[in-house]
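For reference, the structure discussed in these notes is given below.
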Amino acid sequence: MAGSTPASATAETQALGRPAAPASLWADAWRRFKHHRLAYWSLWALGLLVLAVLLGPLVYKVGINDVDFKARLAPPSWQHPMGTDDLGRDLLARVLYGGRISLAVGMASMVVAIAVGVTIGAIAGMSRGWVDAFLMWITDLFLSMPQLPMLLVLIFFFRDGLKSLVGPEVGIFVLIVLVIGGFRWMPAARVVRAQFFSLREKEFVEAARALGASTQRQMVRHILPNSLGPVIVAATIDVAAAIILESTLSFLGLGFPPDIPTWGRLLFDAKDYLDIAMHWSLFPGLAIFITVLSISFVGDGLRDALDPRRVL
Amino acid sequence: MALLEIKGLKTHFKTDDGWLHAVDGVDISIDRGETVGVVGESGCGKSVTAKTVMKLIDMPPGKIVAGQVLWKGRDLVPLPPEAMQKIRAKEISIIFQEPMTSLNPVYTVGEQIAESLRLHEGLSRREAMDRAVEMLKLVRIPTPERRVRDYPHQFSGGMRQRVMIAIALACKPQLVIADEPTTALDVTIQAQILDLLQRLKDEMGMAVMLITHAMGVVAEVAQRVVVMYAGKVVEEAPVKALFAHPRHPYTQGLIRSIPRIDLDAQHKVRLEAIPGTVPKLIEPAEGCRFAARCKHARAECRQATPPLREVAPGHRVACILDL
């Protein structure tokens, strides 16, 4: 592994054979990321999980809806590595398939939340005055709303409309992503606003202004990249929170329809059998746990790695 | 016509205690290719004057209350922001005091030099990077081809100030405002940077407005000196005349407070200092603002603000006394 001296970092860059400046930034960032042990191994865990979820159903060819009444609530065995549910459906197949949806919901909701949050935070932080006051008022409004009841009402109202518009599966996916994203952007907005407040007073921003950079350019090119560290952390928290929130919705029966297994849905179905079939809730729960935890660690590592000022 | 002519400029700031008169009626003119030194203690309005010229003052709380900034005859004060953006860096550029924090930590120095070139001259990425290498070579950074890809934290303070100079000069402006360019550097590096600035000025033929509180620096590089005190110009003279016959008590104090090593041990004298500090500039009263610290002050000094009067060709002073 590359040593920690600047000399070897340059050597590494040159070994990559890419003279463009960004290469050294990414090479440097990767080097720093590897120093963060937890993050590094979490990335592996996460990568394996994503691979398993993507490729698993192609390799492990047991149908998610294959009912086997002879093996109802069977504990883990060679035939059913994670056991079966009350209808004798194979849980490994369902966890793998459900992971696709849970992860997709998590990622997509995070993108929505961060996009909205960064935009609102940046505008508020840059404009100050009444625009800032208004945007922060909206943010506080969203923060103070009781989320779960609002989510339930929104989903209840719009589910059928979207279903008829783009089909049941896509419809509910879009709805859930928008609703979760729409209720998770506030922390990112506040973080970005705070960052903008401190960064816009920095000399290098004034220097950019002195070079003739427009307000928009100062925002996008000079302030935003410097404020991304905390945003990345917020983003990873959002992925985790979205996965959990989707689980909650599914657990309450308002997520995806019963025939589509997601991790949350599996937990919902398993809750009545906790005493006689613990394995049923154990594996989806474990999957959520590992995903959320490793995403948090990766976020931690990324924040440290993407800060070029950090010498490691 | 002068390249830059600041006329009766007043920049005030709104504070909780009232309006702060940071710049209060300043006249400075700079000709093409000329180096003008602006000196004075901390807090007497030098930097605010410079930033007003570039219109880098945050408004609010700042406000240009009166005056004109004539750039090649055109007043910059009423200019809209878009028009101002085209002048910054392209025609007038500024070198800031703090090289450690004036560079953006997330971009390579090459990208930062290239930025103004791409903004103002519409160069492609590659052309701009080639020019960035040339600029680094010009400011004497060794192995510029390699260094252009380094980040600011990989440079020392002096090197960063060189990079700042490279950025400021990239678009070949006609006026460079150097706002205490050497204050944050150690003494040996200061001399190098001043040398570099002087040499580049001769090569590129631009005018320089050098803001500093070090009289020694002014003596070395400026042709004309403007002495500022408490938001006003108190004396203006060609550099030789100023050091030979300083007329204003404040200028005399400044010159006397330069440490001297040319006096031998028998003539050793205590280094003089000007007692007191720059007065608060919140809604100041009439009268000479230096009166409170001036050992020659009389009753009439406190009654009316003394105007600048010419005492010799090109030598103007704002003092009612003939010292």
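Quick note: the coordinates plus some simple rules give every number you see, no bench work behind them. Only a predicted model underlies this, so the values are computations on that prediction, with no experimental measurement involved. Cβ coordinates were reconstructed from backbone atoms using ideal geometry, including for glycine residues, and neighbour counts include every protein chain displayed.
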- Message: Which of rounded, prolate or oblate describes the range A:108-260 when judged by the alpha-carbon gyration tensor and an a/c cut-off of 1.5?
- Response: prolate
- Message: For the range A:21-305, take every pair of Cα atoms, bin their distances at 10 Å starting from 0, and report each bin as a whole percent.
- Response: 6, 23, 29, 23, 12, 5, 1, 0
- Note on the structure: Listed by chain and number, the residues whose amide H is under 5 Å from that of B:LYS232, excluding neighbours fewer than 5 places away on the same chain and using placed H, are B:ASP24
- Query: Charges only on Cβ, +1 for Lys and Arg, -1 for Asp and Glu: so what's the dipole of the protein assembly as shown about the Cα centre, in debye to the nearest 20?
  - Reply: 1000
- Everything considered on the Cα gyration tensor (a ≥ b ≥ c; rounded for a/c under 1.5, else prolate if a/b is larger than b/c, else oblate), the range A:70-126 must be described as prolate
- For the range A:227-303, Rg(Cα) over 2.2 N^0.38 Å is 1.27
- Note on the structure: Taking a straight Cα-to-Cα line shorter than 18 Å from B:LYS55, and setting aside same-chain lysines fewer than 8 residues away, one finds A:LYS202, B:LYS7, B:LYS10, B:LYS14, B:LYS46, B:LYS63, B:LYS72, B:LYS86, B:LYS90
- Note on the structure: Quick note on B:SER42, A:SER42, ordering by fewest other C-beta atoms within 10 Å, gives B:SER42, A:SER42
- Query: Using a simple spin-label model with points 7 Å from Cα along the Cα→Cβ vector, what separation in nm is obtained for B:ASP322 and A:ALA133?
  - Reply: 6.0
- Note on the structure: Output for the range A:159-243: GluC sites (Glu not before Pro) sitting in coil per DSSP, at most 12 other Cβ within 10 Å, listed by number, reads A:GLU201
- Message: Let me spell out the model: positive unit charges on the Cβ of Lys and Arg, negative unit charges on the Cβ of Asp and Glu, origin at the Cα centre of the range B:274-323. What dipole size does that give, in debye rounded to 20?
- Response: 180
- Query: When each pair of different Cα atoms in chain B is counted once in the 1/r mean, what is the Kirkwood radius in angstroms, to one decimal?
  - Reply: 20.8
- Query: Picking from A:LEU249, A:MET150, A:SER198, whose Cα lies most toward the positive end of the charge dipole for chain A (charges on Cβ: Lys, Arg +1; Asp, Glu -1)?
  - Reply: A:SER198
- Message: What whole-number volume per residue, in cubic angstrom, does the convex hull of the C-alpha atoms of the range B:48-171 give?
- Response: 117
- Dipole in debye (nearest 20) - chain B, about Cα centre, beta carbon charges: Lys, Arg +1; Asp, Glu -1: 40
- Task: Would you work out which of A:THR84, A:ASN226, B:PRO152 lies farthest towards the positive end of the dipole of the protein assembly as shown? Charges go on Cβ: Lys and Arg +1, Asp and Glu -1.
- Result: B:PRO152
- Item | Fully extended contour minus Cα-Cα distance, from B:GLU286 to B:SER124, at 0.36 nm per residue | 52.8 nm
- Item | Gyration tensor (Cα) of the protein assembly as shown, equivalent ellipsoid semi-axes in angstrom | 66, 27, 20
- With no solvent and one equal point scatterer per Cα, compute the Debye intensity ratio I(q)/I(0) for the range A:44-140 at 0.10, 0.14, 0.17 Å⁻¹ and report its log10, rounded to two decimals. -0.49, -0.65, -0.78
